[in-house]
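The values are calculated or read from the model by the stated rules, or taken from the named source; none is laboratory data. The model shown is predicted, which means the values in this text are computed figures rather than measured ones. Cβ placement follows ideal geometry from the backbone for every residue including glycine, while neighbour counts extend to all protein chains displayed. In case anyone asks, the SASA skips ligands and DNA or RNA and just uses the protein heavy atoms, side chains included. Shrake-Rupley method; radii C 1.70, N 1.55, O 1.52, S 1.80 Å.
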Amino acid sequence: MENLITTGIYYYPEHWNENQWERDIKKIADMGFEFVHLAEFAWFKMEPTEGKFEFEWLDKVVNLCTKYHLKVLMCTPSATTPAWMRTNYPETFVMDGHYIRGEQGTRGLGSIVNPAYRKFVQAIVTEMAKRYGTNKSVVGWQLDNEPDAKADYSPSSQEAFRQWLQGKYKTIDALNAAWGTAFWSQWYNNFDQVIIPNTNLVGWWGNNPHALLDFKRYCADAQGAFLDFQADILRNNILKDQFITTNYTAVSTGADPRRTNKLDFATYTAYPNGGTSNIGDQGFRLGNGKVILFAAEYYKSVGGISGVMEIQPGPVNWGSYNPLLLPGTVRMWLYHTFAAGGKLASSYRFRQINYSAEQYHAGVIQTDGVTPSPGGEEYMQFMKEIKALRKQYKPGAVMPEKLADRSTAILWNLENYWTIDRQKQTWQWDTWNYPVKFLEIAKSFGAPVDIIPETADLSGYRFVIVPAYEMVDSALVKKWQEYAAKGGHLIITCRTATKDRMGHFWETGWAAPISGLIGANVKATDMLSNGAKGDILMTSTHYGWNNWADILAPDKNTASLAVYNNQFYSGKAAVVKHSVGKGSVTYIGVDTDDSKLESDVLQEIYTGAGATTEHYPPGVYVYWRDGFYMAVNYSSDNYEMKMPGHAKILIGSKVLEPGGVLVWNE
Ligand code: GAL
């Protein structure tokens, strides 16, 4: 805790000559790193032939870490399997949607439900756990690499899917009803006839959205179970204080971190810059601020804490183009994860590799093996600064009241992502960015924001945002009702509650389960062509829209905050607000491109509830953590931070340059 954050680095001794190991490990320590991430893809070296384990080489590296006072984060190698496995057990690989087997040579192609693959994973993880589970230098374990709940159409997976369905539905009639198989003669007589829905072969029109939703759920459950399976093996053999985690991709739309039960916490990997344009003319060098913005809050909701396991150390090799980063950018990303509560940070990778698929990918050390890259220099600066901040850290700091007054939660359930993304209705709908825009709006107000599951306790939040929450049930709607009745301010947006948990429409009015809660009926939904302009009037301000518009009929006690101002339904409500008990429920029926309307509506709600707000520009994110205020700037313009006269700047200066960082206390 008093360490605030601990920093480490990925090192792959198997890529280098043994006579360089000590030099490299010493360098890692000299640069200021505190842990080394080992063995992630080294299965071939730990089990060179089936059943024959060799750990002497890894012992040497772990001992070197101990010698240089570095902790070790050990990884299970299940993401890359050795050649002997592919040769002797080809069934250990996934099959794609054309029933072609995966090959050896990259990551993440193991069939996680295949019994032979599982047996080999069990053996290697057991051996590793026995070898390093009581080693005092080893502080924790990372399972696998970037779990992604890959669609696997192999026979093993077909079988596992059928079993999953049988467990869920018990009878084939129940499955037929849930999947609506009466449509297009999809009807099944028994579970043996069921195969994984495969849009690769049936085509987009042949999709059954309910079957596909279940397939997504099955894939995510299988992924969660695979991680839990590894965690169980470790637990039986390792010291209590060694933690178990994994490193999800920052924006995971397949693996669901909430479907594991045995991990201590979840971390994420962050690659904000793949050469896409972001904010302003330098945005292509600064990266997409939403990556860490989202991931830091989302993964925290799993085990209460989180951290970043991989931060891009410079240009990568897989972007549409891979520019140099603006000086300061890596440090800014590190501060961003730290500001958002991160307890650990590390980077892929120490040395840039001189060969193979990722040879163009930056490391914190350049290709000569000894010279820090610009990203490496920034890591060193960060680690030095963190050491200084640790000295100023006063445990027990309480969040300032003005921030607590703005506390906001955003409800996130990956299942809504799956179902909406399958049936977007308009290609203008941006399924991932849509909820994230509310995160950005709340952050622009300077609010502390958590991204939470629907099961979380809402009572600690003054504002709860429910963006495009398509699938609901009555218990959830009741929970929302109670939250508002007790004084909470609920903001529900378009596309919410239009389906039950199986993805069927209600056999009543559109979004009927929430019509009482929002005090309005959703009469119809419109969307415009790209070039067309919808106009909305709120008080005397005009707003444009063309993505999505729910046309609302408010009850008589419900206020209409904004109305459509053109198209044939001009005058009908677009945003309504309803008092519920001591709180309020606002329904925003429209999705705009520039978010201006949504931002102004939220402003109204926050101010109406007595919360003050800031007005940070896009890309400037401000956090409070452990008594420190922190700001980062992803925009291409300078930003001058307003702070009280007594504020004490600890790092940076009042004017945040692009890629700049500011730390202060008040
Ligand atoms: C990550 C992966 C790493 C490395 C990196 C390259 O997604 O976890 O192993 O491949 O990408 O950017």
*Sort out which residues of the range 251-266 are crowded, with 24+ Cβ neighbours inside 10 Å and touching a Ser or Thr at 6+ places or on another chain (Cβ under 7 Å), and write them in order of number.*
266
*Does residue 314 satisfy the condition of being at pLDDT below 95 and either aromatic (Phe, Trp, Tyr) or within 14 Å of the ligand (Cβ to nearest atom) (or both)?*
no
*asked:* If I filter the range 126-137 for residues that are part of a loop (DSSP other than H, G, I, E, B), open to solvent by 70 Å² or more (accessible area, probe 1.4 Å) and not charged (D, E, K, R), do I get at least one hit?
replied: yes
*Single residue of 269, 329 found to be within 14 Å of the ligand (Cβ to nearest atom), of a type in the set (S, T, N, Q) and open to solvent by less than 10 Å² (accessible area, probe 1.4 Å)*: 269
*Has the range 202-212 got any residue that is at pLDDT below 95, open to solvent by 20 Å² or more (accessible area, probe 1.4 Å), at positive phi and more than 16 Å from the ligand (Cβ to nearest atom)?*
yes
*Does at least one position in the range 354-364 carry a residue that is open to solvent by less than 40 Å² (accessible area, probe 1.4 Å), not in a loop (DSSP other than H, G, I, E, B) and not aromatic (Phe, Trp, Tyr)?*
no
*Members of the range 346-401 found to be more than 16 Å from the ligand (Cβ to nearest atom), on the phi > 0 side of the Ramachandran plot and touching a helix residue (DSSP H, G or I) at 6+ places or on another chain (Cβ under 9 Å), listed by number*: 369
*Taking the range 587-624 as the search range and keeping residues that are touching a helix residue (DSSP H, G or I) at 6+ places or on another chain (Cβ under 6 Å) and farther than 29 Å from residue 512 by Cα, which one is most open to solvent (accessible area, probe 1.4 Å)?*
612
*Of 341, 304, 274, which residue is open to solvent by 10 Å² or more (accessible area, probe 1.4 Å), within 16 Å of the ligand (Cβ to nearest atom) and within 18 Å of the chain's Cα centre (by Cα)?*
274
*Do the conditions hold for residue 349, that is, is it farther than 29 Å from residue 273 by Cβ, part of a loop (DSSP other than H, G, I, E, B), of a type outside the set (A, V, I, L, M) and open to solvent by less than 20 Å² (accessible area, probe 1.4 Å)?*
no
*Determine which member of the set 245, 260, 253 is under 23 Å from residue 76 (Cβ atoms) and within 15 Å of the ligand (Cβ to nearest atom).*
245
*Does at least one position in the range 34-42 carry a residue that is away from the ligand (no atom under 16 Å from the Cβ) and not aromatic (Phe, Trp, Tyr)?*
yes
*Within the range 140-147, is there a residue that is in the same structural domain as residue 230 (by TED's automatic domain parsing), among the small types (Gly, Ala, Ser) and either open to solvent by less than 10 Å² (accessible area, probe 1.4 Å) or within 25 Å of residue 306 (Cβ to Cβ) (or both)?*
yes
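Let's see how each residue does on (1) over 22 Å from residue 115 (Cα atoms); (2) within 24 Å of the chain's Cα centre (by Cα); (3) free of Cβ contacts under 8 Å to residues at least 60 places away in the same chain:
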{"position": "198", "(1), (2), (3)": "yes, no, no"}
{"position": "204", "(1), (2), (3)": "yes, no, yes"}
{"position": "221", "(1), (2), (3)": "no, yes, yes"}
{"position": "235", "(1), (2), (3)": "no, no, yes"}
*When residues of the range 277-301 are filtered for being open to solvent by 20 Å² or more (accessible area, probe 1.4 Å), touching a Ser or Thr at 6+ places or on another chain (Cβ under 7 Å) and in a helix (DSSP H, G or I), how many remain?*
3
*Identify, please: which residue in the range 111-125 is farther than 13 Å from residue 230 by Cα and outside any loop (DSSP other than H, G, I, E, B) and is, among those, least open to solvent (accessible area, probe 1.4 Å)?*
116
*Can you pull out the residues in the range 148-162 that are within 16 Å of the ligand (Cβ to nearest atom) and open to solvent by less than 40 Å² (accessible area, probe 1.4 Å)?*
149
*Selected residue (only one of 481, 428 is more than 20 Å from residue 214 (Cα to Cα) and either touching a Gly at 6+ places or on another chain (Cβ under 6 Å) or at pLDDT below 95 (or both))*: 428
_Pair list, Cβ < 6 Å and 6+ apart or interchain, from the range 177-191 residues that are more than 18 Å from residue 213 (Cβ to Cβ) to residues that are open to solvent by less than 40 Å² (accessible area, probe 1.4 Å) and outside any helix (DSSP H, G or I)_ = 187/181
_Unique match (being buried (at least 18 other Cβ atoms within 10 Å of the Cβ), outside the structural domain of residue 291 (by TED's automatic domain parsing) and not in a strand (DSSP E or B)) among 584, 636_ = 636
*Options 49, 76, 66; residue that is under 32 Å from the mean Cα position of the chain (by Cα) and β-branched (Val, Ile, Thr)*: 76
_Neighbours by Cβ (under 6 Å, 6+ apart or cross-chain): first from the range 306-327, closer than 17 Å to residue 348 by Cα; second of a type in the set (S, T, N, Q) and within 8 Å of the ligand (Cβ to nearest atom)_ = 309/247; 309/269; 310/269
*Would you please list the contacts, defined by Cβ atoms under 7 Å and residues six or more apart or on different chains, that run from a residue in the range 146-158 that is on the phi > 0 side of the Ramachandran plot to a residue that is polar (S, T, N, Q) and within 15 Å of the ligand (Cβ to nearest atom)?*
146/247; 146/249; 146/269
